[in-house]
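Notes follow the structure.
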2 protein chains.
Amino acid sequence: MATSWDIAKAAGVSQTTVSRVLNGDPRVASHTRRRVADVIERLGYTPNGVARGLVTRRTQLVGVVVSDVRNPFYPELLEAIEHQLTEHGLKMILSNAGERPEDSYMRVLEEHRVDGIVFTAATMDSEAVRTLARRRFPIVVANRSVDGVECDSVTGDNEGGARAAAQHLLDLGHRRIGVLAGHPEASTSRDRLAGFASGLQEAGAELDSDLVRVGWYSYEFAYREAVELLTIDSPPTAIFCLNDLMAFAALNAASSLGRDVPGELSIVGFDDIRMASWERFQLTTVRQPLAEMARTSADLVAQRIESSHAPYQQLVFPSLLVRRRTTAAPPRKPGG
Amino acid sequence: MATSWDIAKAAGVSQTTVSRVLNGDPRVASHTRRRVADVIERLGYTPNGVARGLVTRRTQLVGVVVSDVRNPFYPELLEAIEHQLTEHGLKMILSNAGERPEDSYMRVLEEHRVDGIVFTAATMDSEAVRTLARRRFPIVVANRSVDGVECDSVTGDNEGGARAAAQHLLDLGHRRIGVLAGHPEASTSRDRLAGFASGLQEAGAELDSDLVRVGWYSYEFAYREAVELLTIDSPPTAIFCLNDLMAFAALNAASSLGRDVPGELSIVGFDDIRMASWERFQLTTVRQPLAEMARTSADLVAQRIESSHAPYQQLVFPSLLVRRRTTAAPPRKPGG
């Protein structure tokens, strides 16, 4: 396989010119571009990411950090992010950060010299995000935001969506409502909880803290807590789950206990991932425009890689309650 | 941040020695190793993947190619593969190949100089796999195999598992059985179809080709075909789906048509991903030991990167029918 040195020699240009051609640099005259392209065609040169990185100081890699690839929310985001990054000539390197300390995956991304990072699961106490933002490294926080950090961000209207969920459950007549919340340091947990509480308050109702379980955005956590909530004396007649995966867990927990949804229990999710509309779920949920949020995150990181001087954009996408078949009026009280 | 040159200077050694220390090369004396490590500790050096790649000619990156990250089968594999690669000091770069021509993602992986590739969704006509195997590039084909290629492979017992599914449905009394198959060029489609057909033949039954739909391992394909199969005259009383995602689609399609599962229709899947045991599905399916297959794939690619001379291993993991609640005896015939 020819190297860029071979190409430069055969085309009678410098290696820098070859690199410029490979990177679409407009400073190369079109006849030179054609000559280099012809030689590349003839000699079968494959651009080498490592060597090219030394010239452009870029790797064309974007790190995308998710917290749990098994939560179907993330594959939906990833697919759209990857697709859009490809449009910008960028390639995704996935970090499935999980509950590992953030410096472990940050080191990996640094070692591989990614050109930018999209964080989809940052926590509010994320030192990594703060440090990178301070260094003006190209980052985008998507889905979850981090307070007081200057960087591009893409989120849904978490408060508004949760307020709509509260109003929907109140309208149906629910007063005793449980909440399954995710990571306490995730802005989504905080904002959705706040929106839900304020929606209740506006109607003169109140969030019962005994019925609020804060933990992880995981199936296992939600399943365990749903079983617990449904087996206390005077269980809630509705559960608001802060993501769809947790709502599926609550649906399954209700099935395991023989509770009819929505006859005996109403369940509302958040996100409206594709599975939410499956007949076996027909989940009432708060829709975020996930594909559009993902595409926008990819666009923003690509722009930031190109130019570090553009003003930061904080974009908030509207959310929308989607009524399906997991919500109804609460059961009449025994003897009522 | 210090460079390896700074480290070399401060420790009074050559840059080659610094690289050897970073890569655990046994040729470095232990007191030298300690001196270099002390300097690294003091100066806060972060090994740079690009620069290190020039010394070791390795990037520590492994490309993992899947066909559709939205199929929950792949996230389960990816999580286990990534976890195990990390144990080997390797990092995953994900290619969500989809239906794109394989040379597009191959070029990307080549550009980033991955040290090895795990193919989880190779098709039998894959030129990329053949070419890389011929060049003795470190590859592992996992889940789907490619005939006549010399490389490490990890698959489940697709024929045996499908034969067990056929026997189970025959034992229950089914004779009119539909099949939803995935990509016609995937070995899993071919082997599961062959195993199912041979299971029927052993019992004197036969696969009715009018009831076999071959297409894609996708929810959308399976849903459409299931609706079609269930609305013909004399529909099948059971459907064998060649993966769990397709089985969920068939379950949802049955729900949309008001068909009771398993009362009016039995459904069997393949894989036993975690969702298969959810109460809302309780899917009878063929279990493959996915986590173990994934871990083994990561181990094999790591070994192959270390040594290209070891004999190739073709590992086939046993599969097992798991009976849950989507299979039962067929309904009695009208008027029977």
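Within the range B:260-296, the set of residues being within 11 Å of chain A (Cβ to nearest Cβ), touching a residue at least 24 places away in the same chain (Cβ under 8 Å) and under 22 Å from B:PHE221 (Cβ atoms) comprises B:VAL261, B:ILE273, B:MET275, B:PHE281, B:LEU283.
Quick grid of which residues meet (1) closer than 22 Å to B:ARG280 by Cα; (2) not small (Gly, Ala, Ser):
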| residue | (1), (2) |
| --- | --- |
| A:ARG192 | no, yes |
| A:GLY199 | no, no |
| A:ALA205 | no, no |
| A:ARG213 | no, yes |
| A:TYR219 | yes, yes |
| A:VAL227 | yes, yes |
| A:ILE232 | no, yes |
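For the range B:280-323, the candidate set comprises residues that are in a strand (DSSP E or B) and out of contact with any Gly (no Cβ under 9 Å at 6 or more places or on another chain); within that set, the residue that is surrounded by the fewest Cβ atoms within 10 Å (Cβ to Cβ) is B:GLN314. Restricted to the range B:214-246, and to residues there that are surrounded by 21 or more Cβ atoms within 10 Å (Cβ to Cβ) and of a type in the set (D, E, K, R), the residue that is farthest from the chain's Cα centre (by Cα) is B:GLU225. Take the residues in the range A:14-26 that are surrounded by 15 or more Cβ atoms within 10 Å (Cβ to Cβ) and assigned to a helix (DSSP H, G or I); name whichever of them is modelled with the highest pLDDT. Per the criteria, the residue is A:THR17.
The criterion of at least 1 residues that are among the hydroxyl-bearing types (Ser, Thr, Tyr) is met by the following strands (runs of 3 or more DSSP E) wholly inside the range A:176-278: A:266-271.
The conditions of being among the hydroxyl-bearing types (Ser, Thr, Tyr), surrounded by 22 or more Cβ atoms within 10 Å (Cβ to Cβ) and more than 14 Å from every other protein chain (Cβ to nearest Cβ) are met by A:THR188. Just so you know, in the range A:267-279 the residues that are within 21 Å of A:SER189 (Cβ to Cβ) and of a type outside the set (A, V, I, L, M) include one that is nearest to the chain's Cα centre (by Cα), and it is A:ASP271. Looking at B:ALA37, B:ALA29, B:ALA11, B:ALA51, just one residue is aliphatic (A, V, I, L, M) and either modelled with pLDDT of 85 or more or touching a Leu at 6+ places or on another chain (Cβ under 6 Å) (or both), and that residue is B:ALA11. Taking the range B:76-89 as the range and being in contact with a strand residue (DSSP E or B) (Cβ under 9 Å, 6 or more places away or on another chain) and under 25 Å from B:LEU245 (Cα atoms) as the test, the residues that pass are B:GLU76, B:LEU77, B:LEU78, B:GLU79, B:ILE81, B:GLU82, B:HIS83.
The values are calculated or read from the model by the stated rules, or taken from the named source; none is laboratory data. In this text the structure is predicted, and so the values were computed from the model without any measurement. Neighbour counts run over all protein chains shown; Cβ positions are idealised from the backbone, glycine included.
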